[in-house]
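Down below is the structure, laid out as structure tokens.
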Amino acid sequence: MTTTLALLQHRHKANSLPLDQVRAEYFSHIKTEKRLRHLIRTGEVQLATFRISDSRLAPLHVRLADLAAYLDARAEQAA
């Protein structure tokens, strides 16, 4: 059986994705990255983010492992 993380790694060929790409592919119902950041900050979306560099202007990224855990948790809640 293939895990969600393995499927994500196979699809994206990376260990993390920019938050704007995560929003576009997995949260397309959320229209802006700003709104998704707000939902993450308030805890409504349980997804960890990080910056690759220390610059405050650096884009936020999401580790595929965290995204896979979030997707698996949502699937369990739906079942």
Check: Within region 3-46, can you find the residues that are part of a loop (DSSP other than H, G, I, E, B), closer than 19 Å to Arg74 by Cβ and either open to solvent by 60 Å² or more (accessible area, probe 1.4 Å) or without any contact (Cβ under 8 Å) to a residue 24 or more places away in the chain (or both)?
Finding: Thr3, Phe27, Ser28, His29, Ile30, Thr42, Gly43, Glu44, Gln46
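Does region 47-55 include one or more residues that are part of a helix (DSSP H, G or I), surrounded by fewer than 17 Cβ atoms within 10 Å (Cβ to Cβ) and of a type in the set (A, V, I, L, M)?
First, the residues of region 47-55 that are part of a helix (DSSP H, G or I): none.
For region 47-55, residues part of a helix (DSSP H, G or I), surrounded by fewer than 17 Cβ atoms within 10 Å (Cβ to Cβ) and of a type in the set (A, V, I, L, M): absent.
Suppose we keep only residues that are open to solvent by less than 70 Å² (accessible area, probe 1.4 Å) and in contact with a helix residue (DSSP H, G or I) (Cβ under 7 Å, 6 or more places away or on another chain) within region 56-71. Which one would you say is farthest from Gln9 (Cα to Cα)? Break it down stepwise before answering.
Our first condition is that a residue be open to solvent by less than 70 Å² (accessible area, probe 1.4 Å); within region 56-71, this holds for 58, 60-62, 64-71.
From what is left, the residues that are in contact with a helix residue (DSSP H, G or I) (Cβ under 7 Å, 6 or more places away or on another chain) are 60-62, 64-65, 67-68, 71.
Numbers: Leu60: 19, His61: 15, Val62: 13, Leu64: 7, Ala65: 9, Leu67: 11, Ala68: 10, Leu71: 14 Å.
Ranking the candidates gives Leu60 first.
Taking the condition touching a Lys or Arg at 6+ places or on another chain (Cβ under 8 Å) and part of a helix (DSSP H, G or I), does Leu67 pass?
The answer is no for Leu67.
The values are calculated or read from the model by the stated rules, or taken from the named source; none is laboratory data. Since the structure is predicted, the reported quantities are computational estimates derived from the model, not experimental observations. All Cβ positions, even for glycine, are placed from backbone atoms using ideal geometry, and neighbour counts span all protein chains on display. Ligands, DNA and RNA are excluded from the accessible area calculation, which covers all protein heavy atoms including side chains. Shrake-Rupley method; radii C 1.70, N 1.55, O 1.52, S 1.80 Å.
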